[in-house]
Amino acid sequence: MAYKALYRTYRPSTFEEVAGQRHIVKTLQNAFSTNKIAHAYLFCGPRGTGKTSMAKLVAKALNCEEGIGHQCNHCSNCLAVADGSHPDVIEIDAASNNGVDEVRDLIEKVKYSPIKGRYKVYIIDEVHMMTSGAFNALLKTLEEPPAHVIFILATTDAHKVIPTIVSRCQRYDFSKVDDIDIINRLKTIFALEGIIYDDTALKSIVSLADGGVRDALSIADQVIAYSGNAISEKDVEDLFGLASIEEKINFILEINRGNTKYVLEKMNQFIESGIDIKRLTNDMLDILKDVMIMSDTGEEKLLLKLRKEQALDLVDEIDNTVALEMIKILLEAQSEYRFVNNISSLFQVTLLKMLNAKKAQNPIIQEKVVIKEVIKETKPIEEEKIVENVIEQEKTVEQTKPVESINESHVSQKEENVEVGTTSYDDSAIPLLNSLVNSGDKNILPEETIIKLMIIGDKEARLAMVEKWKNLDAYKMHPSIGTHATLLANGRPYIMNSKLLILLYQFAHDAERVNFVDNQKSLTSMIKMISGTDIKVYAISQNESLEAQRKYMQLRQISKLPHVTLDDIEIDIKGE
C-alpha cells in the first residue's frame, strides 16, 4: 500500500482532536446542539491551521447517522466523508475551477436533493481565486440556497473575497496554532507511530512550522525519512540548515563583545552552509528576549529558547539596554527583508549595527569632552548627522547618532570643560511651542487615502518645501524648539497639496511621534515659521510608503487608479 503522509493520515476525526481553534470548535458545537445551522460559512486564516479539516468535520456533524452535531466515525456517512467518497460532500478547488461556467454548473446541481445524507455540503477551497464574474454568479445562490445545501468557503486571503460574498456568510477566523497545541499533537502522533524523539527536536519542528499544524506534520515526515524512527534536534538542524542553540548563543556573545572579524566570518559560514537567515534572525530575537526576561524576572518557565543556565550566562555579559537595542535592530531587519533582493547584504548591515549597539548605548559624558565640530548638512533621512568628539585620550570617535540625542542626553552646556558653538536666534520670531508627547491619541490615514493623495500630489509645492526644509537645521540646538526642529528634519517632504504635508521617515517610531494628536499644533507652527505655509502634517514610515507605492503601481498597471480631486478626499487630521 502506498505511503500516506502524516498530515493526511492524522487529520482530526472529531472536533475534540482539533489542535487549537477552541473558540471556533465551541461556537460550532453550540450551534449544532441548538440546531442553529447557517447556510454558508467562511473559514479564513493562514495555511495549515485546519480550515479544510474543520469543513470536513462540519460535513460529518451535519450528516452523522447518530444525529446532527455527532461524529461517530463508524456510520457509513462519517466513513464516506473521511475517505472522500461521500456523494453529498463536494470539494471544489477554486484555484482551478474559478470561472463563471464552473459556478453555473455548480448552481445547476445545487437544486437536487442529497443522495445519502441530510445535507449537501459544498466545500470551496481557496475561494479568493474565483473571478469577479464567478463571484457574482454565485451571489444569489449563496444568499438563498435550498434548505438542504450548506456552503463552506475557505481562504487564506479573506481581503480578496468580495464584500457581498463575505456578508452572506458566517465568518470564522482561524489563528496560528499555539506551540504547545502543536507539540501535544505531535506527541500523540509519534506515540501512535512508535517514533522516539527529543523534546528539543519537537521545539525545532514547531518553530519551523510557524503555527501551522500541517507544516509541522510535513516537516516531521521529512525528519523521519532522514533519521528513521529516532529523531534528535541535530537531525532537524542538519536537514533544514539550522544553527545549533550553542552557535547562536556564542554568535550573540561575540556581537556583544564587538568582535567584528569573528562575526562576519561566522555569518559567511552560516550562509555557505545554507542557514535560513530569516529563521536565524527570529531565533536571535527569541534569545535576546530570554536575556531580558531572565534579567527582569529570573523565572525559567517564562523562557522561550534557553535553559536557565544559558540565560544566566548571557545576562552576566549583556546589559539590558544593549539587548533592547539589538532587539530593535533585528526587528527593523525583519520588516525590511521582504523589500530587498539580497537578504545576505541586509543581514550583514544588521550585524554591523548590532556590533555598535553597545558603543551607542554608552554615555559620551567624560571628564573632558570637547565637541570640535557639528556638521550641519541637509541629507536624505538614511544618513545620520556625524558628530566628531575628542575625549581625554585625544581619540576621535565617529558615531552615527542624531544630533538631538547628543544635545539632550549626553552633553550639558553647563558642564565644565565643554565648549559648544553658539548660534544667535531672533527669539521674537520663534513661536511658543508645547513640549512634544510620546503617547496618546494618533491621527491615522487609511492606505487608500494615501494612494489618492499620491495621485493628486503637487510636485512643485513639495520641491519648494524641500528647499525650505533646510531652514530647520538652524534651530536644532535651540533650547526650546530644538526637539521639534530635529524631529521634523529627520523626515522629508513626501507628498504635498494645499491641505496636507505628508512626511517620510525611515523609522516608524519617528512617524508615530509626528502623528500624535497633541503634537499636531506645535509641529504645524514650526513648519509655518520655517516656510510661511500654514498646513497640516502627517507622517508615514519607509515601509508604509513602499507598500503604498506597490499598490499604486498595481492599480496603475491595470488602469484602475481612481480619478479624484482634493475635494473628494476626506483628510481627518486632528490637533488644531
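Does the range 292-299 contain any residue that is under 23 Å from Thr350 (Cα atoms), in contact with a Lys or Arg (Cβ under 8 Å, 6 or more places away or on another chain) and open to solvent by 20 Å² or more (accessible area, probe 1.4 Å)?
No, the range 292-299 has no match at all.
For the range 210-223, does any single residue satisfy the condition of being open to solvent by 50 Å² or more (accessible area, probe 1.4 Å), without any contact (Cβ under 8 Å) to a residue 60 or more places away in the chain and assigned to a strand (DSSP E or B)?
no
Residues are listed down the side, and each one gets a yes or a no for (1) assigned to a loop (DSSP other than H, G, I, E, B); (2) farther than 19 Å from Tyr7 by Cα; (3) polar (S, T, N, Q):
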position: Ala38; (1), (2), (3): yes, yes, no
position: Pro46; (1), (2), (3): yes, no, no
position: Glu66; (1), (2), (3): yes, yes, no
position: Gln71; (1), (2), (3): yes, yes, yes
position: Leu79; (1), (2), (3): no, no, no
position: Ala82; (1), (2), (3): no, no, no
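Applying the selection to the range 83-102, what residues are under 17 Å from Leu153 (Cβ atoms), buried (at least 20 other Cβ atoms within 10 Å of the Cβ) and modelled with pLDDT of 85 or more?
Correct list: Val89 only.
Looking for whichever is more than 25 Å from the chain's Cα centre (by Cα) and modelled with pLDDT of 85 or more here; the options are Asn256, Asn229, Asn282. Which one fits?
After ruling out the rest, the residue left standing is Asn256.
From the list Lys278, Lys261, exactly one residue is in contact (Cβ under 8 Å) with a residue 12 or more places away in the chain, in a helix (DSSP H, G or I) and open to solvent by 60 Å² or more (accessible area, probe 1.4 Å). Which is it?
Lys278
For the range 41-58, does any single residue satisfy the condition of being crowded, with 22+ Cβ neighbours inside 10 Å, touching a Ser or Thr at 6+ places or on another chain (Cβ under 8 Å) and under 18 Å from Tyr119 (Cα atoms)?
yes
Evaluate the following for Glu246: is it assigned to a helix (DSSP H, G or I), more than 25 Å from the chain's Cα centre (by Cα) and either among the hydroxyl-bearing types (Ser, Thr, Tyr) or at pLDDT below 85 (or both)?
yes
Kindly establish whether Val466 is surrounded by 15 or more Cβ atoms within 10 Å (Cβ to Cβ) and either under 24 Å from Asn434 (Cβ atoms) or β-branched (Val, Ile, Thr) (or both). Walk me through how you get there before you give the answer.
Details: surrounded by 15 or more Cβ atoms within 10 Å (Cβ to Cβ): no; either under 24 Å from Asn434 (Cβ atoms) or β-branched (Val, Ile, Thr) (or both): yes.
So Val466 fails the test.
Which one of these does His509 not meet: (1) free of Cβ contacts under 8 Å to residues at least 40 places away in the same chain; (2) surrounded by 17 or more Cβ atoms within 10 Å (Cβ to Cβ)?
(2) is the only condition that His509 fails.
So Gln542 clears everything in (1) open to solvent by 70 Å² or more (accessible area, probe 1.4 Å); (2) modelled with pLDDT under 90 except one condition, right? Which one?
(1)
Kindly provide the set of residues from the range 224-243 that are open to solvent by 10 Å² or more (accessible area, probe 1.4 Å), part of a helix (DSSP H, G or I) and either of a type in the set (A, V, I, L, M) or more than 20 Å from Ile275 (Cα to Cα) (or both), ordered by number.
Hits for the range 224-243 are Ile224, Ala225, Leu239.
Taking the range 519-534 on its own, how many of its residues are surrounded by fewer than 17 Cβ atoms within 10 Å (Cβ to Cβ) and farther than 17 Å from Ala489 by Cβ?
3
Going by what's in this entry, would Ile68 be described as in contact (Cβ under 8 Å) with a residue 24 or more places away in the chain, over 33 Å from the mean Cα position of the chain (by Cα) and surrounded by fewer than 17 Cβ atoms within 10 Å (Cβ to Cβ)?
On the way: in contact (Cβ under 8 Å) with a residue 24 or more places away in the chain: yes; over 33 Å from the mean Cα position of the chain (by Cα): yes; surrounded by fewer than 17 Cβ atoms within 10 Å (Cβ to Cβ): yes.
Yes.
Identify, from the list Ala333, Ala323, the residue that is more than 16 Å from Met292 (Cα to Cα), among the hydrophobic types (A, V, I, L, M, F, W, C), at pLDDT 80 or above and open to solvent by less than 20 Å² (accessible area, probe 1.4 Å).
Ala333
Cβ contacts < 8 Å: first residue over 15 Å from Asp276 (Cα atoms), restricted to the range 337-349; second residue at pLDDT below 80 and open to solvent by 40 Å² or more (accessible area, probe 1.4 Å), any location; separation 6+ or different chain. Result?
none
The values are calculated or read from the model by the stated rules, or taken from the named source; none is laboratory data. In this text the structure is predicted, and so the values were computed from the model without any measurement. A quick note on method: Cβ atoms are made from the backbone with ideal geometry, for glycine too, and the neighbour counts reach across all protein chains shown. In case anyone asks, the SASA skips ligands and DNA or RNA and just uses the protein heavy atoms, side chains included. Shrake-Rupley method; radii C 1.70, N 1.55, O 1.52, S 1.80 Å.
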